[in-house]
Amino acid sequence: MTLTSCSYNTDFYIFNTTDKPIIVTYESGPYGKAFVTDPRIMEFDSDFDSREIKKAFEYKTERKTDSENKIITCELKSGQALWIGHDLNFTLTNPNEALILKENLVELKVEQNGNELFRVDDRYVIDFFETINIHTVGINVKKATR
């Protein structure tokens, strides 16, 4: 009898599909493994497939003085995505795996032109993520509708 298993890597992104730059600030938790403190800026196509690393490590990191958490701030131009981490065999539909997002992302804020588009903490962050495909889970920052 032969046993086989299939594992896959799921990457987490924040996509800027607006027509202007956005500023992304996130705080990763002290025990988190899924979110990195060295994110990468990538370009993506219309299917949200990343094309190449356009710029690596263009971000500002500041350590919070009252905790072990790290705060990352980065500007994304239109058509860029911020790769913020990965996990093995991750799905949003599994409550235990979705808890990884809550435990790893303390706060996320997205701004554009000096205006806050949204700010979310670990209680509600899961509602902002969507499954793009088996290898990609992300937040799609879209142009505000008015």
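Please compute the net charge surrounding S78, taking Lys and Arg as +1 and Asp and Glu as -1 over other residues with Cβ under 9 Å from its Cβ.
Working: positive: K20, K77; negative: D19.
Its environment carries a net charge of +1.
Taking the Cα centre of segment 80-146 as origin and charging only Cβ (+1 Lys, Arg; -1 Asp, Glu), how large is the dipole, in debye to the nearest 20?
Numbers: 7 positive and 10 negative charges, 71 e Å.
Approximately 340 debye in magnitude.
Laboratory data are not the source of any read-out in this text; all were calculated from the coordinates shown. Predicted, not measured: the structure shown is a model, and the values here were computed from it. Reconstructed Cβ throughout: ideal geometry from the backbone, glycine too, with neighbour counts over all protein chains shown.
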